[in-house]
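Novice: Below you will find the structure I want to go over with you.
The values are calculated or read from the model by the stated rules, or taken from the named source; none is laboratory data. Computed from a prediction, not measured in an experiment: that's the story for all the values here. Virtual Cβ from ideal backbone geometry, glycine too; neighbours counted across all protein chains shown.
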Amino acid sequence: MNNRWGRSRPIRNPEVNGIAASSEYFPKPIHFDESQDRYRCLCNCFHIKNGALLVGVVEILVLLFFLINSLLLMLTHDTRYQESAGLDDTYITVPFVASVVGIAVSSVVVFLLFIGIVRNHAILLIPHIVVQVIKVFLAFMTDLTVFYRMMNAAPFHEHPGSNTVALDIETAARFYLLFFLYVVSFFLECWFLIVIFNCYRYLDERRAYMRYCLAYSTPLKTLSAR
């Protein structure tokens, strides 16, 4: 699909200086059809905008879960031992603050995502795409490192080839199950990124088509009221 066109002045007189007007004075036509398969997702069951809204709803639910979990860990943490031993509890407060900051940033970008989809502003989806790319990269690096150490039962300060703990079958099975769940969630995050990017592309192409129609008085034949 070609989204770029050249600006040309409107021609009211078919002949200018004795030269007949040709088709080169007119812009290249832009074809836009919202019913195309490229604008659908989830096995063509949803339009890409509805799919992006569904992704936003899922992310809101996940953020609420992490917020409630962080609050429960913070409120139920017993600090009497640390106080009696003269130790601090930064290993609880620091991760809690980091979680709250991450949840706040994610909530802002999801809010911008909803506004961008409803108002058909593709630029408001860019912060969400950037945050998603960062999350996918960090998830891949941290999960790969942590699960490699856990599967090999080696401490972080020793050589990876030296196993110091022999895991029983039940514990190893739990590790592999948890690893499988993390892999599934990682691929879901990648799929969410693809859906949001395709929605951004759809909104950008829709904006270009509307500008073309408004500039050259072309009927909006294939544009619905989404």
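Novice: Quick one: what pairs do we get from segment 58-78, first residue closer than 15 Å to residue 97 by Cβ, second part of a helix (DSSP H, G or I) and aromatic (Phe, Trp, Tyr), C-beta under 6 Å, 6+ apart or different chains?
Specialist: From residues that are closer than 15 Å to residue 97 by Cβ, the pairs are 70/96; 74/96.
Novice: From 220, 188, which residue is of a type in the set (A, V, I, L, M) and modelled with pLDDT under 75?
Specialist: 220
Novice: Given the options 116, 102, name the one that is modelled with pLDDT of 80 or more, assigned to a helix (DSSP H, G or I) and buried (at least 17 other Cβ atoms within 10 Å of the Cβ).
Specialist: Within the list 116, 102, the selection yields 116.
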